[in-house]
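Notes follow once the structure below has been shown.
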Amino acid sequence: MTTDNNEQAAEEDMPYKPEEKGCCGFMQGRGPPGRIVEFVSCCLSLLCLLGIFAVLAVANTSKDEHGQYSRWAEIRLSKEVLMFTNETGMTQAMRHLQTEYNEFCKNANFEIDLQVPRWDEDNAKRFYAGKDSTLYAMSASVHAGSILLYWVAWPIYKFSAGFQFLRYRQYCTPDKPEGLYKPWLGPDLSRWMEYLFTSPFQIFIVSTAFGFANRDTVLGLCPSI
């Protein structure tokens, strides 16, 4: 039974026979089913690419009720900074925020910590002596720019359409034995290259869609961008 299955799998992985190529309707003569899939995928990618440019064109020409240009699917990015201050109003606000939050959230694992820089020895001594410190540091999330998701999405369809069209044109068939794309030989370089060029942008879209908009975190997830 195992031998028969192996032989059947081997036969299915071989190039398509001439009588097996072709399909009904407008795809007649396009070649084996795998080649047809690449052609259809390329057409869909091009349609998505054109749709993105159409949406961008409308967004850059239409204005809202406040007279501002529409910013559809705009992602606001942030970054983490360590904010140091010895300004009295800011240090009091930091202590107040720490006290109020820690009173509200009793879980010690989620307490807000204030850092006391050690380069000011007198300040550190006052802190360890239980007196009011005049220099604090606190982590803060600040604005780090914004980006339209359409500018991130269009490279995905551009690269996908290009590689899909390449595989469609280079699909090895009995009528075109010099074709470079031979799926029955296993993983193909063009598919790995397509993933290499598109995956960082896909990761960016998925991350920001779920609220992970910290610039440093997102760039760490998308090292190829």
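Scanning the range 193-225 for residues that are of a type in the set (Phe, Trp, Tyr) and either within 30 Å of Leu166 (Cα to Cα) or surrounded by 14 or more Cβ atoms within 10 Å (Cβ to Cβ) (or both) returns Tyr195, Phe197, Phe201, Phe204. Scan the range 142-153 and tell me whether some residue there is touching a helix residue (DSSP H, G or I) at 6+ places or on another chain (Cβ under 8 Å), surrounded by 11 or more Cβ atoms within 10 Å (Cβ to Cβ) and assigned to a loop (DSSP other than H, G, I, E, B). No - not one qualifying residue is present in the range 142-153.
Contact map, the range 54-83: residues that are on the phi > 0 side of the Ramachandran plot paired with residues that are modelled with pLDDT of 65 or more and not aromatic (Phe, Trp, Tyr), Cβ distance under 9 Å, separation 6+ or inter-chain. Pairs shown: Ala73/Val55; Ala73/Ala59; Ala73/Leu148; Ala73/Leu149; Ala73/Ala153. Taken residue by residue, the range 146-168 has at least one member that is in contact (Cβ under 8 Å) with a residue 40 or more places away in the chain and more than 30 Å from Val58 (Cβ to Cβ).
With the condition kept exactly as written, say whether any residue in the range 131-144 is over 33 Å from the mean Cα position of the chain (by Cα) and either among the aliphatic types (A, V, I, L, M) or within 29 Å of Ala73 (Cβ to Cβ) (or both).
Step one: of the range 131-144, the residues over 33 Å from the mean Cα position of the chain (by Cα) are 131-136.
Then keep just the ones that are either among the aliphatic types (A, V, I, L, M) or within 29 Å of Ala73 (Cβ to Cβ) (or both); that gives 135.
There is at least one residue in the range 131-144 that is over 33 Å from the mean Cα position of the chain (by Cα) and either among the aliphatic types (A, V, I, L, M) or within 29 Å of Ala73 (Cβ to Cβ) (or both).
For (1) surrounded by fewer than 15 Cβ atoms within 10 Å (Cβ to Cβ); (2) modelled with pLDDT under 80; (3) out of contact with any strand residue (DSSP E or B) (no Cβ under 6 Å at 6 or more places or on another chain), each residue gets a yes or a no:
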residue	(1), (2), (3)
Thr3	yes, yes, yes
Ala10	yes, yes, yes
Leu46	no, no, yes
Leu50	yes, no, yes
Met94	no, no, no
Thr99	yes, no, yes
Asn102	no, no, yes
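Only a single criterion out of (1) under 29 Å from Phe204 (Cα atoms); (2) touching a helix residue (DSSP H, G or I) at 6+ places or on another chain (Cβ under 7 Å); (3) without any contact (Cβ under 8 Å) to a residue 12 or more places away in the chain is not satisfied by Phe110, namely (2).
For the range 174-189, name all the residues that are touching a helix residue (DSSP H, G or I) at 6+ places or on another chain (Cβ under 7 Å) and farther than 14 Å from Val37 by Cβ.
Pro174
Can you give me the number of residues within the range 196-225 that are among the hydroxyl-bearing types (Ser, Thr, Tyr) and free of Cβ contacts under 8 Å to residues at least 24 places away in the same chain? The qualifying residues number 2.
The values are calculated or read from the model by the stated rules, or taken from the named source; none is laboratory data. Keep in mind that what you see is a predicted model, and the values were worked out from it rather than measured. We place every Cβ from the backbone using ideal geometry, glycine too, and count neighbours over all the protein chains shown.
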